[in-house]
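Everything on this sheet refers to the single structure shown next.
The values are calculated or read from the model by the stated rules, or taken from the named source; none is laboratory data. Not measured: the values here are computed from a predicted model. In this analysis, Cβ positions are derived from the backbone assuming ideal geometry, glycine residues included, and neighbour counts consider all displayed protein chains. Just the protein is used for accessible areas: all its heavy atoms, side chains included, with ligands, DNA and RNA removed. Shrake-Rupley method; radii C 1.70, N 1.55, O 1.52, S 1.80 Å.
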Amino acid sequence: MRTAYSVETVRTAERELMARLPEGALMQRAAAGLAAACADVLGRVYGSRVVLLVGSGDNGGDALYAGARLARRGAGVTALLLAPERTHAGGLAALRRAGGGTVAGGDGFHGTARELIRRADLVVDGIVGIGGKGGLRPDAAPLAEFAADSRAVVVAVDLPSGVEADTGEVRGPAVRADLTVTFGTHKPGLLIDPAREYAGSVRLVDIGLDLPDTAELEALQHVDVAARLPAPGAESDKYRRGVVGIAAGSARYPGAAVLAVSGALRGGAGAVRYVGPAADAVISRFPETLVSDLGPARAGRVQAWVVGPGAGDDASAVAEVLEAEVPVLVDADGLRLADRDTVRGRTAPTLLTPHAGEAAALLGVSRESVEGARLASVRELAARYGATVLLKGSTTLVADPGGGAVRVNPTGTAWLATAGSGDVLSGLAGSLLASGLSALDAGSVGAYLHGLAGRLAAEGAPVGAHDVAEAVRDAWRDVMG
């Protein structure tokens, strides 16, 4: 499982390690890993042109020491010093000994910087470290613009300057990197949009940090998902495998019910029970579905419910489902119709699955506020509703109400932004709930399979939600493979 830790946790681990190492050894480890990554990017180091963007902190020191290593291998290295009087002294001396040059801030600095960056093969961003807040300062922001406009490959040190490490927020100008070389562990901002899109590819360099068991973020990998997927045994029948109830659809939106059922049928439960006005559409597409017209409370035994997709204004079905003493997934219209106090008062697990617009409505803020602060938003929703929350989007996050590590989904494709895709995810995750997974696991495993199915179905071309549902089986096989 990939993990990410907060700045405070990383700083503590660094201090503890530095106390056991010779002075400067930790920075040399980081610089060695950074230089190796830069060499890989360049391919041919000798004769290449490298520009270092150097701030006043340790990130600037890492860049300078890495630049010295590249200079000793024949690269032409120039450091642009944003704060000459506060530049890391040891790193600066090492670069100069290796034959590297420097340009100090002052009159004409930005003009010289523009020209050097324009001709560079590689730009190394060492402006601000992981403690940076609020975007780049006015004197540094033009350097990020010059790098973005150049043909150079941009490599960020630890994380791109101007993004916030703990939150993934970007509050002003920031460097856009092609590659980020991060040390010791991932930082949350490297895994969460909008900051994630500034990071490019991420390369982790192990520097020997001793980190706690509980992280800020964790991202499932294939092996983690495989370990959580339900598998029938020799004694299994459809009821032992779990029955998921789907209360969805309406006369206006029968397709939402069909798509939710399609996801549920591929999620590992033994049977799918449908309740709602779209029964004819569901049966015609999936005759194996158990259909009832008696309402959720009298539909028969289920181990979990999914309610809300395409429900319109049917608040009664939502209220009935929330009274059930089994896990419940609430999506789409159900999020608007669910009473918050009722959700908080439930004793069985509840999983809410909003997209950014729905989350904004529940929190009483703008959609832009949610998209700009996804981690804070998912945690706040989980706390307010006393429920597990799966916040859908470019970075899908799953948070438990009691705190702990937030799950970030590493799979997916932009082609999943299509009508009905969320209905498929709801059915899939609901089926996993019925199979016995916790709300956190059902949400994160469902999102992983759904994202992987989207990739497999799309292969770089547009897809419909039904294509994603059909590809879930291939995603399941790929994970187990």
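When both the range 92-114 and the range 413-448 are represented by their alpha-carbon centers, they are found 52 Å apart. Ranking Gly61, Val10, Ala37 by Cα position along the charge dipole of the range 10-108, where only Lys, Arg, Asp and Glu carry charges on their C-beta atoms, puts Ala37 farthest toward the positive end.
Between Pro230, Leu425, Gly100, the Cα set farthest toward the positive side of the dipole of the chain (charges on each charged residue's Cβ, about the Cα centre) is that of Gly100.
From the Cα gyration tensor of the range 183-252, with a ≥ b ≥ c the square roots of its eigenvalues, which class applies: rounded if a/c is under 1.5, or else prolate if a/b is larger than b/c, or else oblate? Judged from the Cα gyration tensor, the range 183-252 comes out oblate (a/c at least 1.5, b/c at or above a/b). Legend: P(r) of the chain from all alpha carbon pair distances, 10 Å bins from 0, whole percents, reading 4, 20, 25, 19, 14, 10, 5, 1, 0. With the cut-off at 1.5 for a/c, could you classify the range 217-374 from its C-alpha gyration tensor as rounded, prolate or oblate? It is oblate, given that a/c is not under 1.5 and a/b is not larger than b/c. Applying the criteria of a DSSP loop state and at most 15 other Cβ atoms within 10 Å to the trypsin sites (Lys or Arg not before Pro) of the range 224-290 yields Lys238, Arg240, Arg252.
With a 1.4 Å probe and every protein chain kept in, tell me what percent of the accessible surface of the range 429-477 is carbon plus sulfur. Please report the intermediate quantities before stating the final value.
Values: 760 of 1590 Å².
C and S atoms contribute 48 percent here.
Orientation-averaged projection of the range 265-354 equals 5.7 nm² [convex hull of Cα atoms, one quarter of hull surface area].
Of the peptides 458-470, 388-400, 165-177, 352-364, the order by per-residue mean of other Cβ atoms within 10 Å, starting with the highest, comes out as 388-400, 165-177, 352-364, 458-470. Helices in the chain that qualify as membrane-span-like (whole DSSP H runs, Cα extent of at least 27 Å along the helix axis, mean Kyte-Doolittle hydropathy of -1.0 or higher) are 439-458. Here the chain is assigned +1 on the Cβ of each Lys and Arg and -1 on the Cβ of each Asp and Glu. Its dipole about the Cα centre then comes out at about 1060 debye.
Which loop GluC sites (Glu not before Pro) in the range 299-346, with loop taken from DSSP, have no more than 10 other Cβ atoms within 10 angstrom of their Cβ? The qualifying sites are Glu325.
Projecting the Cα positions of Val445, Val243, Leu329 onto the charge dipole of the chain (unit charges on Cβ atoms of Lys, Arg, Asp and Glu, taken about the Cα centre) puts Val445 furthest along the positive direction. A P(r) calculated from all alpha carbon pairs of the range 304-412, with 5 Å bins opening at zero, reads 2, 14, 25, 25, 20, 10, 4, 0 percent. Taking only alpha carbon atoms, the range 1-83 gives an Rg to Rh ratio of 1.03, where Rh is the Kirkwood radius.
Return the loop-located trypsin sites (Lys or Arg not before Pro) in the range 296-348 (DSSP other than H, G, I, E, B) with at most 10 other Cβ atoms within 10 Å of their own Cβ; answer none if there are none.
On the way: sites: Arg298, Arg301, Arg336, Arg340, Arg344, Arg346; in loops: Arg301, Arg346.
Here the trypsin sites (Lys or Arg not before Pro) that fit, given the DSSP loop and packing criteria, are Arg301.
For the chain, what does -39500 (n - 2.57) per DSSP helix run (n ≥ 4), summed and divided by total residues, give at 222 nm, in deg cm²/dmol to the nearest 500? So the helix-based figure for the chain works out to -12500 deg cm²/dmol. Of all segments of the chain bounded by chymotrypsin sites (Phe, Trp or Tyr not before Pro) found in a DSSP loop with no more than 16 other C-beta atoms within 10 Å, the longest spans 240-481.
Shape call for the range 385-481 from the C-alpha gyration tensor, a ≥ b ≥ c root eigenvalues: rounded (a/c under 1.5), prolate (a/b greater than b/c) or oblate? Verdict is prolate for the range 385-481.
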